[in-house]
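The values are calculated or read from the model by the stated rules, or taken from the named source; none is laboratory data. All values derive from a computational prediction rather than experimental measurement. Backbone-built Cβ (ideal geometry, glycine too); neighbour counts: all protein chains shown.
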Amino acid sequence: MAAEPWAKFFRGRFNESFSFAAVARCYLAAVATDLASPLRAGEEGPALASLLRAGEEGPALASPLRAGEEGPALASPLGAGEEGPSLASPLLAGEEERALASLLRAEEEERALVRIGECEHKLVKATRLLTCAISALGTVGILSFRTMRSDATAEVQAWEGARAARERARDAYDAVASSRGHLGAARRFVPFGEIAYHAADDEREAALAAIEAALRILLAMDAFRSSDDGVPDVVLPRANSRPRSAAMPANLIGAEGATSSADKWRSLGGFVPDALLRVALSGGVREIVMAQAALRLGADAVDKESKVAAPPDHSSAVDWASCYTACTRAFDDAHDVLSGLLAINREAGNVFLYCAPQLGPARVGKGWRSADSMEVSRADTERHGRAALDGLWEAAALLNYVFAGVMVWGSTSSCWEEARQAMRRALIETNKARDAGEQLQHAASREFIHAACAVFQFD
């Protein structure tokens, strides 16, 4: 095969992977900026905070409640409520202020939820871009290994650089996935108001820390670029962070009473078994099987055309572009479902970490820390989910190598054998992904049982 076309393809895919990572960095920097401030304006605006507390604490708004004591002119009429509407208004001030505080609090919660939703949308895009970068770097690794038929130092360095850059991209992907779990937990906490507000803000700060870690990893990844193309540095926003607590402080139970507080935490914790049941029932297996079916059709087409014993660029009845598009779409769908399920699993785990102590540490803690506990099952779910993603990434890299490399640049009939081998390897990787998805289902099922017993207090 001609060396120059393959070298050109190699450089193109290598630089393309860093372009994907650079765009992902832009999304992450935008999210980091959005999360640098608290979810609620109460901490930033004293005036607004006083309005939010007007029903109980706001002296300026509460003063009309004492108008009868402070203003003798207004207090003198005995039948003020019947004789003068203007004099009766102070008697209703408390209800009006509480209604105003409730409205302001609802607006704050709605704004916080909108912020979280926008950040989650950007993080989904970032994970897709990082997936493209990981697959492209996998293709580069295959290409550099394929051309390593001599002791050329450049080829060895290219292979090592692509492998190291891919590990950085995977680490960044893990950090972004962690931030999605924290943001999901924050979204669950916000509607529960004061009782869970600090938990929501702790999760926001944890998400911000994970995003900053991902940005640092992607900045370090630029050291493996093969060109001097400029990529603007990302300035990391700094938040006034406080240490993230593993459980809510006891004083947050507050004056609402232990019984009312426990009911609210149990209501919040009820989300956990439902979410884990979704993960257990899906596991991404259906989408992985669909991707495997699309890949098998492509492998059958390659196998059939290889019997013609002619170069790949000969006139063929197979629509290779449609075949490649169908495969990539199926792989994208499988990745989206898997990454979403893992985000739900992390979200449920983070929510449970806060809810469990409030539901009764003596009872929940024993099951949570036992040898065969929800914590162990949660780690198993994460591990199997990552194994499924690794299988999909490897298969996608091989798919790109066949359709964007061998099918385009191949000039001899021997390319067909290489394409057949690569497609077989891709099918093996999807088999591994499917097996990992099934193991994920089993681990999530164990998680569901532990969570249901803890939240609903089953014996």
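At a glance:
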item: Selection from segment 276-286 of residues that are in a helix (DSSP H, G or I) and surrounded by 24 or more Cβ atoms within 10 Å (Cβ to Cβ); result: Leu276, Val279
item: Scan of segment 19-36 for residues that are buried (at least 24 other Cβ atoms within 10 Å of the Cβ) and over 14 Å from Ala214 (Cα atoms), ordered by number; result: Leu35
item: Lone unmet requirement of (1) of a type in the set (Lys, Arg); (2) at pLDDT 75 or above; (3) in contact with a helix residue (DSSP H, G or I) (Cβ under 9 Å, 6 or more places away or on another chain) for Lys307; result: (2)
item: Pick from segment 123-157, criterion in a helix (DSSP H, G or I) and among the small types (Gly, Ala, Ser), ranking: modelled with the lowest pLDDT; result: Ala154
item: Failed item in (1) more than 17 Å from Asp390 (Cβ to Cβ); (2) modelled with pLDDT of 90 or more, with Glu429 passing the rest; result: (1)
item: Ala436 being modelled with pLDDT of 90 or more and not β-branched (Val, Ile, Thr); result: yes
